[in-house]
Amino acid sequence: MTQTLLIPIDIRLMQALTRLLMAGLVSMGVGVVGWWGYQHPAWSVKEMVLVGDVAHQSVPAIRSQLAGRLQGSFMSLDVVNMQSLLQEMPWVRQAVVQRVFPNRLRITISEHEPRAWWGEVGAQRLVNSYGELFEASADEAVAKTDEWAVLDGPVERSRDIYAMYVSLVPLMAPLGQQIEFVRLTQQGSWDMALSGGAAIAMGNGDLREVLSRVQAFVASLPQLRARYPQNMRSVDLRYGNGYAIRLDGVTTGGNGK
């Protein structure tokens, strides 16, 4: 006959508690060792590699930007915060930071590509190839700044204003003059100025409506110039079925056809 030896409940509770405490101590030990290894100097960042078509930034400049603003080892470094800090640097549009085992950071930077002034020539604010505004010192510009147009209007409409400018460039090419200025007023009216000195009021409307009026005006110019070869001083396209034009010494109207 087999007899079962019953262990008192207080002893069983003591054994369970002992096992629980041992498991906790083991877990804590593993955690401490893991954290020690996580922060160990062996995991410190040894090298930064800069990637991208970069003209205005360098590794020393990046180190200077990050000095005292980031903490942690290669493993614990907050790369998202680091990317945000890098995007505060002049000319930097986007930054991506990647860990490269065992102790290197790969930094890919996309810089703003300036396309126009914002507000006035020589301003500290420029327009990039996406129609976004960014701050930069004018004397650092790498493009031929004498060929840039000036764009202006509500800041939140910078993309629309840049899109209008880009669309107007080929339309105005037959005139042989560069666009010097495109502005959207607070009232929603579009204005343009050409290198020859002519000011063109293009009126209200979306991109399609404004371009349609400008295209009709440009198409009528050969016939108008055959009769009036004088230089244009101003053009008003805000009429429903035509436009008004002022020439040197002459004021007349055209039907836009």
Checklist entry - Do any residues in the stretch 47-74 that are modelled with pLDDT of 85 or more have Cβ atoms under 6 Å from those of residues that are basic (K, R), where the two are at least six apart or on different chains, and which pairs are they? => result V49/R106
Checklist outcome for this item: Counting only residues in the stretch 115-136 that are within 10 Å of the chain's Cα centre (by Cα) and in a strand (DSSP E or B), the one farthest from P154 (Cα to Cα) is identified as N128
Checklist outcome for this item: The correct count of residues that are of a type outside the set (F, W, Y) and under 18 Å from the mean Cα position of the chain (by Cα) in the stretch 82-106 is 15
Checklist entry - Which one of these does D78 not meet: (1) surrounded by fewer than 18 Cβ atoms within 10 Å (Cβ to Cβ); (2) under 23 Å from L184 (Cα atoms)? => result (2)
Checklist entry - When you look at D248, is it assigned by TED's automatic domain parsing to the domain that holds V155 and either touching a residue at least 60 places away in the same chain (Cβ under 8 Å) or more than 37 Å from the chain's Cα centre (by Cα) (or both), yes or no? => result yes
Checklist entry - Within the stretch 148-167, is there a residue that is of a type in the set (V, I, T) and in contact with a Lys or Arg (Cβ under 7 Å, 6 or more places away or on another chain)? => result no
Next on the checklist: For the stretch 158-177, give me each residue that is under 15 Å from I200 (Cα atoms), of a type outside the set (A, V, I, L, M, F, W, C) and surrounded by fewer than 16 Cβ atoms within 10 Å (Cβ to Cβ).
Outcome noted: Q177
Checklist entry - How many residues does the stretch 78-99 hold that are outside any loop (DSSP other than H, G, I, E, B) and either over 15 Å from E113 (Cα atoms) or touching a residue at least 60 places away in the same chain (Cβ under 8 Å) (or both)? => result 12
Next on the checklist: So, in the stretch 200-244, how many residues would count as being outside any strand (DSSP E or B) and of a type in the set (D, E)?
Outcome noted: 2
Item to check | Flag for V155 being of a type outside the set (F, W, Y), surrounded by 15 or more Cβ atoms within 10 Å (Cβ to Cβ), modelled with pLDDT of 95 or more and out of contact with any Asp or Glu (no Cβ under 8 Å at 6 or more places or on another chain) | outcome: no
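The values are calculated or read from the model by the stated rules, or taken from the named source; none is laboratory data. All values derive from a computational prediction rather than experimental measurement. Quick reminder, even Gly has a Cβ in these numbers, built from the backbone with ideal geometry, and neighbours come from all protein chains shown.
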